[in-house]
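Student: Have a look at the structure that comes next, please.
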Amino acid sequence: MKAETPIGPQLFSILTFESNRTPVRTNLATNFNEAKGLFIEGVQSLEDSLNFYIFDGYVSDHVNINLEISKFYKLLSVFQLNNKECSIIHQARISSLLPLESQLSFEHYSHLVQLLISEIADAYEGLANSEIKSLEEEEVTETKEKINIVKSANEQ
């Protein structure tokens, strides 16, 4: 009689897996300075990889790395409390991606062009939101100043 072959969960219980990989170091930022440190480290690594994956020859890799850099900027903007600075971050995203999008042929790289356009649109949305918040803050500040002027005039 033939021995039964394990099936289902029994089969997996006899399989083992060992890894010699070093665990990935993870840090979570809780404020802008911590986020900036992680941002610099991550962007530097990605920019180093752009030295190898140049646009001429590695178009897909080059564009995808630039998209990742843009995402790093986007994540940094979450921690930036100053709306003017946040606008600058989003403008940096836009100015780094627009030249790539204009260099690509939609006929040959339609997927990459769509990804770039989507990321650029997201950056414009972030820029618009930052500018709106900045204008709202200015209006509140101006209103408070006017109220204080009226109060001080009434007290005299």
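Student: Got a sec? Which helices (runs of 4 or more DSSP H) wholly within region 1-83 have at least 1 residues that are modelled with pLDDT under 95, of a type in the set (Gly, Ala, Ser) and over 28 Å from LEU115 (Cα atoms)?
Tutor: 9-14
Student: Just name the residue that is nearest to GLU125 (Cα to Cα) out of those in region 70-95 that are among the polar types (S, T, N, Q) and crowded, with 17+ Cβ neighbours inside 10 Å.
Tutor: Top of the filtered list is SER87.
Student: Kindly establish whether SER96 is touching a residue at least 24 places away in the same chain (Cβ under 8 Å) and in a helix (DSSP H, G or I).
Tutor: yes
Student: How many residues are assigned to a helix (DSSP H, G or I) and either within 27 Å of LEU28 (Cβ to Cβ) or of a type outside the set (A, V, I, L, M, F, W, C) (or both) when one looks only at region 99-114?
Tutor: 7
The values are calculated or read from the model by the stated rules, or taken from the named source; none is laboratory data. Treat the numbers as computed from the prediction; the structure is a model and nothing was measured. A quick note on method: Cβ atoms are made from the backbone with ideal geometry, for glycine too, and the neighbour counts reach across all protein chains shown.
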